[in-house]
Amino acid sequence: MKIRMGTAAVAVLAAVEIIFLGSIRYGFTHTAEAGTAYQTPASVDFGNSFYSRSYIVMNIPLHEAQWKGSNLPRAGETIYLAAARDQKGVLYIKWAELDKPEGDYIITRARSIENGIVYFDIPFRRFYVTPEEMTKLPVSELSERVAAEDGTTGRTVTKMKNHVEAFFRLKDGQGVITDILINGVSVKKSFTTFGDPAAVSYAGAEGSAYAEGQ
């Protein structure tokens with residue numbers, strides 16, 4: 001009797017897990033297909049085990065916003081970022097609050113708040129690729145840095161050679177990165193190129209515009 005009950009419990013847990021994973025997969029796919037298109041400056045995180053992963057981690061330098069409302073969030077509490085696009089489709093955060101705003105928003109957690117500014121992390125950072133696509137990734141184009149003079153201090157600094165952006169979809173507070181842009185050109189061009197991925201030309205941003213559906 002105990003064995004039967006144990007087997008039944010395992011079957012129930014397995015069914016719950018399948019349903020849970022299915023809902024996550026559906027939400028991911030639905031957001032990627034039906035979400036509002038955005039893009040934002042980003043960089044690739046070339047951390048440990050970079051080539052052994054099935055995804056690329058993107059660093060998105062958006063970490064603070066003006067807080068809206070008199071009730072302040074606790075560290076770790078769920079908050080909503082009111083999202084908007086500029087004329088070029090680039091993401092900016094209008095404000096953050098405890099209540100769900102109208103229009104597009106991002107669900108995340110507060111890290112801290114100080115002087116009316118709340119600090120947070122963008123929760124979606126992964127761009128999923130196949131093992132074959134990973135081998136064709138134009139790493140040099142995504143990581144190369146060059147020396148340049150700082151216009152304010154006159155000092156020599158290093159900066160990214162190319163302008164890298166994450167292209168993503170946003171729906172119901174969830175985001176899915178669907179492409180990486182290098183000077184406005186989809187990194188997916190290198191995935192369909194035979195031979196050396198370095199042969200793909202990533203023109204200057206002023207000469208290339210990302211076309212949805214590429």
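The table for this structure:
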quantity: Unmet requirement for Val200, which otherwise passes all of (1) at pLDDT below 80; (2) under 18 Å from Gly47 (Cβ atoms); (3) not basic (Lys, Arg); calculated: (2)
quantity: Test result for Ile60, touching a Pro at 6+ places or on another chain (Cβ under 7 Å), among the β-branched types (Val, Ile, Thr) and either at pLDDT 95 or above or at positive phi (or both); calculated: no
quantity: In region 102-120, the residues that are surrounded by 14 or more Cβ atoms within 10 Å (Cβ to Cβ) and free of Cβ contacts under 8 Å to residues at least 60 places away in the same chain; calculated: Thr108, Arg109, Ala110, Arg111, Ile113, Val118, Tyr119, Phe120
quantity: Matching entry among Thr178, Thr158 (being in contact with a Lys or Arg (Cβ under 7 Å, 6 or more places away or on another chain), buried (at least 18 other Cβ atoms within 10 Å of the Cβ) and in the same structural domain as Tyr55 (by TED's automatic domain parsing)); calculated: Thr178
quantity: Unique residue being touching an Asp or Glu at 6+ places or on another chain (Cβ under 8 Å) and modelled with pLDDT of 95 or more when the list is Ala82, Ala75, Ala65, Ala96; calculated: Ala82
quantity: Residue in region 16-33 that is within 13 Å of the chain's Cα centre (by Cα), modelled with pLDDT under 85 and aliphatic (A, V, I, L, M) present; calculated: yes
quantity: Per-region count, region 106-126, residues in a loop (DSSP other than H, G, I, E, B) and β-branched (Val, Ile, Thr); calculated: 1
quantity: Residue ranges of strands (runs of 3 or more DSSP E) in region 45-102 with at least 1 members more than 20 Å from Asn115 (Cβ to Cβ); calculated: 55-59, 78-85, 91-97
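The values are calculated or read from the model by the stated rules, or taken from the named source; none is laboratory data. Just so you know, these numbers come straight off a predicted model, no measurement behind them. Note that we place each Cβ from the backbone using ideal geometry, even for glycine, and neighbour counts take in every protein chain shown.
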